[in-house]
1. Only one of these conditions is not met by Asp81: (1) in a strand (DSSP E or B); (2) buried (at least 24 other Cβ atoms within 10 Å of the Cβ). Which number is it?
2. When you scan segment 222-244, how many residues do you find that are in contact with an Asp or Glu (Cβ under 9 Å, 6 or more places away or on another chain) and exposed (fewer than 10 other Cβ atoms within 10 Å of the Cβ)?
3. Is segment 88-110 home to any residue that is in a helix (DSSP H, G or I), surrounded by fewer than 21 Cβ atoms within 10 Å (Cβ to Cβ) and either of a type in the set (Phe, Trp, Tyr) or within 12 Å of the ligand (Cβ to nearest atom) (or both)?
4. Condition check: surrounded by fewer than 23 Cβ atoms within 10 Å (Cβ to Cβ), closer than 22 Å to Gly334 by Cβ, at pLDDT below 95 and not small (Gly, Ala, Ser). Does Asp114 satisfy that?
5. I'm trying to understand the selection: among the residues of segment 137-152, which are under 14 Å from the mean Cα position of the chain (by Cα) and either more than 22 Å from Leu268 (Cβ to Cβ) or within 15 Å of the ligand (Cβ to nearest atom) (or both)?
6. Only one of (1) more than 21 Å from Val98 (Cα to Cα); (2) modelled with pLDDT of 80 or more; (3) among the acidic types (Asp, Glu) is not met by Glu12, so which one is it?
7. Restricting attention to segment 255-269, which residues are charged (D, E, K, R) and in contact with a helix residue (DSSP H, G or I) (Cβ under 7 Å, 6 or more places away or on another chain)?
8. In segment 207-221, how many are surrounded by fewer than 16 Cβ atoms within 10 Å (Cβ to Cβ) and either in contact (Cβ under 8 Å) with a residue 60 or more places away in the chain or assigned to a helix (DSSP H, G or I) (or both)?
Amino acid sequence: LRASFTSKAQKENNQNFNYKLQPQASYKVAVLGAAGGIGQPLSLLIKMSPLVSDLHLYDIANVKGVAADISHCNTPSQVRDFTGASDLANCLNGVDVVVIPAGVPRKPGMTRDDLFNINAGIVRDLVSAVADNCPDAFIQIISNPVNSTVPIAAEVLKQKGVYDPKKLFGVTTLDVVRANTFVAQRKNLKLIDVDVPVVGGHAGITILPLLSKTRPSASFTDEEVEELTVRIQNAGTEVVEAKAGAGSATLSMAYAAARFVESSLRALDGDGDVYECSFVQSDLTDLPFFASRVKLGRKGIEALIPSDLQGLSDYEQKALEALKPELQASIEKGIAFAQKQA
Ligand code: NAI
């Protein structure tokens, strides 16, 4: 994050913030589920962005205090709170980027799919409101199971006649963040330089880190590949167990989602060099949705990056084939849910 609180202008004069040294703060961002474990720190991190002019925080409860608290940070954006379904349209009006971390998180022993029954309906209703009020916005889904909630969102948008596959994203950035951290630690690399593409989906074996594509290039023994891949796939469960019933990853997730939001804002602002991994509609494999690196631009996804999937190691090729049935089933489950409700 190019955090505005570290700017030269602000160091020189904390009272009289000089916006001229900043990128233009002109984008409206809404966080749906803003009072939750992810929503609160994510909203704070978005408040630090010099590109945001308006930050709209929505939840079914407890969001007034979160907004009052965050609004005291002396960064450019105006913060407003919105509570309950009757206020959702006001929240979404004119928004450029909508981030959705609304829904229940895992407890120990649960898979992401166990959340389907509650979160599927929440995502359906929120995306339906997005379709009605800001159909051109970038829509970023954090709510699990992402492998199903993104296809649900796509169906809802299709039913409303406003589906733009270039603007619908499942947020898988945390998988990349974890892969980068664990690889840098294991190989003693400088953390800031490491970039590992993570493809597939966002649950268990559908999370496929492509260690052979690590930049800067690094070599791994077969044992290291197995150990790192399994750790990256199970990292969410590591946090769920450590929190022992108090939820799943929230702080690292907020960091990862804030990075994805900031990348999207930079792309909207005309930066021509923005790449992130995301779970999106895709033709890179025979699956209709697939996470891969994508190039972001003013109109959303400018290109999917196929090169990461070329020249895979045997281990990665086998893992890619192995994940497809589970990912396909999760996608179909989401589509069937949305079509049944139509
Ligand atoms: P949380 O329970 O702390 O917060 C969820 C928030 O959503 C609450 O404030 C709740 O009031 C709100 N909410 C519930 N129904 C709503 C509705 N209809 N409209 C608006 N807000 C609503 O949960 P936490 O930890 O913030 O997790 C949220 C979601 O993010 C979970 O589904 C979790 O599985 C997922 N997650 C996704 C990750 C990813 O990498 N994509 C990583 C970690 C969690």
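The values are calculated or read from the model by the stated rules, or taken from the named source; none is laboratory data. Given the structure is predicted, the values throughout are model-derived calculations rather than measurements. Cβ coordinates were reconstructed from backbone atoms using ideal geometry, including for glycine residues, and neighbour counts include every protein chain displayed.
1. All conditions pass for Asp81, except number (2).
2. Residues flagged as in contact with an Asp or Glu (Cβ under 9 Å, 6 or more places away or on another chain) and exposed (fewer than 10 other Cβ atoms within 10 Å of the Cβ) within segment 222-244 amount to 0.
3. Residues of segment 88-110 in a helix (DSSP H, G or I): 88-92.
Restricting the remaining residues to those that are surrounded by fewer than 21 Cβ atoms within 10 Å (Cβ to Cβ) gives 89-90.
Keeping just the survivors that are either of a type in the set (Phe, Trp, Tyr) or within 12 Å of the ligand (Cβ to nearest atom) (or both) gives none.
No, because not a single residue in segment 88-110 is in a helix (DSSP H, G or I), surrounded by fewer than 21 Cβ atoms within 10 Å (Cβ to Cβ) and either of a type in the set (Phe, Trp, Tyr) or within 12 Å of the ligand (Cβ to nearest atom) (or both).
4. Numbers: surrounded by fewer than 23 Cβ atoms within 10 Å (Cβ to Cβ): yes; closer than 22 Å to Gly334 by Cβ: yes; at pLDDT below 95: yes; not small (Gly, Ala, Ser): yes.
So Asp114 passes the test.
5. Keep residues of segment 137-152 that are under 14 Å from the mean Cα position of the chain (by Cα), which gives 138-147, 149-150.
The answer is Ile139, Gln140, Ile141, Ile142, Ser143, Asn144, Pro145, Val146, Asn147, Thr149, Val150.
6. (2)
7. Looking only at segment 255-269, we keep the residues that are charged (D, E, K, R), and these are 259, 262, 266, 269.
The one that is charged (D, E, K, R) and in contact with a helix residue (DSSP H, G or I) (Cβ under 7 Å, 6 or more places away or on another chain): Arg259.
8. Start the filter on segment 207-221 by keeping residues that are surrounded by fewer than 16 Cβ atoms within 10 Å (Cβ to Cβ), which leaves 215-217, 219, 221.
Keeping just the survivors that are either in contact (Cβ under 8 Å) with a residue 60 or more places away in the chain or assigned to a helix (DSSP H, G or I) (or both) gives none.
Here the count works out to 0.
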